[in-house]
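Structure, as structure tokens:
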Amino acid sequence: MLETFCAAARVKAMLNEPGVPDVLNKAMEILGRCCAPFAEGEFRTDTGIMRAAADSVQQVSHNDADIRSAAVSDVLQQAWENANTHEPRSVHITEYERLTIVGLQYCSSNVSMRDSRVFFRNISQELVPGVIEHIFSIERNQERIYYLAVRRNLPVSAGCDDPFLPYRDFGAQLWSRTYNKELDIVPVERTQICHAISTPWGTSEMVLKPLNRVSRKFKSWTVVLTHPAGLRCNAHCRS
Amino acid sequence: MEVDDEAFIAEELVEELAAEVGEANNQQGVPAEVLTDKEINKIQVELCSIERPSWHRGPPKNLGDAEHGKLKAEQWRSAIEFDLPVTLLKLWKTEGGDDRRQKLAHSTMCLAIAIRWGVSHVASARHAQQYTKYMTAYLEGIRDVFPGHSWRPNHHACLHLHEFLLRYGPMHGWWMFPFERIIGVLQKTNTNHKIGKHLGQILGKY
């Protein structure tokens, strides 16, 4: 780790020198564009909350012991048929109790409420909380595609005073304890998902905050060096 | 023996300073302990109602009691990440609390936000600026609530961290937790207290 740090420090020192090669300057610009250091309103993405889902390609797995033998419920079947997934409506669905996404376990609410409360990006690309009610997969071209059926928390009523609004950078928000009537079908490998921490607030609301993944599960991490002129240099390291 | 003498002198100094601080607080009529037993009990009840994923280790349920011992770094992190700011805001901002308690709740929230900006996986001038803004607000809040508070070296050091964020990038790349972990491993290693005799063997192990 120390060696990586020293290597990165040397790169940074080299970039600060006047005779830095043009190709590196061009790389600086490209990196700067690709990894905008801060986008207003998207602070939560800075803290790596969505890292788990963003890196999740080919990192979703299930244990065969978690396959549910019971028939798929009518509610799930109907939600699947109503969802705009571009998949055939009459397809064989395999349901699970648990799913591992990038080393973290997600459960359906009847198995563990703690591991079923999540934040995900809905169709409008808003980060919304909900509870996983079903975990299932379908097969397409011999490839397994995983989905979550999530019951979304509704926003608080218009007259409700949210004390977290002045502390937007804290990341928590009040949500209603009432859930949406419809289930959201969330494709695991194409949607950003993370766990949530919550506590009741009054009689009909709750505070919810998206959580960063646990750091000790990281197999690799990224060092981002910031150049005084806005350069960012990413180096993948082994922890 | 010299080492013991130095330790004794340092201890005396600390006790002397602590006495001065206590005296200063008493003179200004501000008690050093802001939380009553009843409030600590309320906080503990609130902590029990927090629902977290199974991998997330929260602070002890009896937070504030001596029985739980020293908190682990992970517990401090989760306590300031959600538990304490939300609980204090709930108890003192919405359910009622005097001006001093409301300021303390606000101050705790500022600290939580400062840490969030400071430990971001991205470092930029804006991150450094926001970190300093909220950290300063936290320290000003503490000064306001505890006028006789004696500042510690850490309070001074935390106002320099923005320089490091700009120079070295995100804190995850240079914070001391990996070294602390190695120190923890070394502390658990059995030794015969003969330092230097088997140095090569120890180094070979790591």
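Each reported figure results from applying straightforward, stated rules to the coordinates on display, with no laboratory input. All values derive from a computational prediction rather than experimental measurement. Quick reminder, even Gly has a Cβ in these numbers, built from the backbone with ideal geometry, and neighbours come from all protein chains shown.
Overview of values
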{"item": "The stretch A:49-212: relative contact order in percent, alpha carbon pairs under 8 Å with at least 6 residues between", "result": "23"}
{"item": "Per-pair calculated FRET efficiency, R0 = 56 Å: residue A:26 and residue A:81 via Cβ, rounded to 0.05", "result": "0.65"}
{"item": "Three-way shape call for the stretch B:35-187 based on the alpha-carbon gyration tensor, with the a/c threshold at 1.5", "result": "oblate"}
{"item": "Under-5 Å amide H pairs with residue A:133, H placed in peptide plane, nonlocal only", "result": "A:109, A:149, A:150, A:151"}
{"item": "Cβ-derived FRET efficiency at R0 51 Å, residue A:63 paired with residue A:158, nearest 0.05", "result": "0.70"}
{"item": "Selection from A:130, A:158, A:147, by position along the positive dipole direction of the stretch A:112-176 (Cβ)", "result": "A:147"}
{"item": "Residue B:65/residue B:181 FRET efficiency (R0 25 Å; Cβ-Cβ; nearest 0.05)", "result": "0.40"}
{"item": "Debye log10 I(q)/I(0) at q = 0.12, 0.13, 0.16, 0.21 Å⁻¹ for the stretch A:49-212, Cα point scatterers", "result": "-0.53, -0.62, -0.92, -1.49"}
{"item": "Label-to-label distance, nm, for residues given as residue B:140 and residue A:92 (7 Å Cα→Cβ offset)", "result": "6.6"}
{"item": "21 Å Cα-Cα threshold exceeded, pairs from B:90/B:133; B:61/B:90; B:38/B:93", "result": "B:90/B:133"}
